[in-house]
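> What follows is a single structure, and I will ask about it in a moment.
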Amino acid sequence: MKMKFQLLAMMFIAALAFSACGDDDKNDGITVPDAVSKALKNKYPAATDIEWERKGDYFVADCWMDGKEMDVWYDTQAVWRLTEVDILWGSLPPTVQTAFESGEYANWKREDIDMLEYPVQPVQYVIEVEKGNLEYQLFYAEDGALLQQRDVSGDKDDTHWPIDKKVAE
C-alpha cells in the first residue's frame, strides 16, 4: 500500500511538472502573425517563456533572455519598435546613477528600472519612483541627462510605448 501511495505521489508530481512546462509561445487567445513570431525569433533567438499580448496596434512578446525579463514590441507589419528590459540598479550606467542620486527624486522609493531600446533613437533608462500617492517615471539618456518626467500616479497609463505612439497624459 505504501508503495502504491509513493507511486501515485510521484506520478502526480510529474504531471504537475510537465503541465507547468507549457508551450513556449503562449498567445492568450490572440492570433500572432507568423511574420511577427519569426521576427522575434530572428532578433532574439535565445528568448524563452514567450507570451504574446496586444497593446493597441502592437504585438508584445513578454519573454526572458539571459535571466532578464523583456517586452519586445512589433507593429502589425512585423517591424521591431521597442525592447523594454527590466534591469537592476547596478546595471545602470554610472552617469545615470549619479544623475538620479543628485536629482530631486533621490529620496523617493525606487520601484522599477527599465532599459528601453529603439530601432533608431538612443537607449533610454527609466527609473520609476514613488512617494506617498505620487508615482513618476524618470527617463534618462546614457550620459545621465534627464530627458523626461512622466506623472503616472493613480490610474494613468505607465506603459512604455514605442516612440511613434502618442502618449495621452
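> Within the stretch 47-56, identify whether any single residue is among the basic types (Lys, Arg) and outside the structural domain of residue 123 (by TED's automatic domain parsing), and answer yes or no.
The answer is yes; a qualifying residue exists.
> Across the stretch 109-121, what is the number of residues that are over 17 Å from residue 73 (Cβ atoms) and surrounded by fewer than 19 Cβ atoms within 10 Å (Cβ to Cβ)?
Taking the stretch 109-121 as the starting set, the residues that turn out to be over 17 Å from residue 73 (Cβ atoms) are 109-113.
With the extra rule that they be surrounded by fewer than 19 Cβ atoms within 10 Å (Cβ to Cβ), the set shrinks to 109-112.
Residues meeting the conditions: 4.
> Let me ask something additional. For the stretch 128-157, which residues satisfy the criterion of being surrounded by 16 or more Cβ atoms within 10 Å (Cβ to Cβ), in contact with an Asp or Glu (Cβ under 8 Å, 6 or more places away or on another chain) and of a type outside the set (Phe, Trp, Tyr)?
128, 129, 130, 135, 137, 138, 150, 152
> Whether any residue in the stretch 50-60 is touching a strand residue (DSSP E or B) at 6+ places or on another chain (Cβ under 6 Å) and either without any contact (Cβ under 8 Å) to a residue 24 or more places away in the chain or within 20 Å of residue 125 (Cβ to Cβ) (or both) is what I want to check.
Taking the stretch 50-60 as the starting set, the residues that turn out to be touching a strand residue (DSSP E or B) at 6+ places or on another chain (Cβ under 6 Å) are 50-53, 58-60.
Filter again for either without any contact (Cβ under 8 Å) to a residue 24 or more places away in the chain or within 20 Å of residue 125 (Cβ to Cβ) (or both), leaving 60.
Checking the stretch 50-60: at least one residue is touching a strand residue (DSSP E or B) at 6+ places or on another chain (Cβ under 6 Å) and either without any contact (Cβ under 8 Å) to a residue 24 or more places away in the chain or within 20 Å of residue 125 (Cβ to Cβ) (or both).
> Still on this structure, please answer the following. Look at the stretch 105-164 and say how many of its residues are within 14 Å of the chain's Cα centre (by Cα), at pLDDT 95 or above and of a type in the set (Ser, Thr, Tyr).
Looking only at that region, the number is 2.
The values are calculated or read from the model by the stated rules, or taken from the named source; none is laboratory data. Worth saying up front: this structure is predicted, and the values here are computed from it rather than measured. A quick note on method: Cβ atoms are made from the backbone with ideal geometry, for glycine too, and the neighbour counts reach across all protein chains shown.
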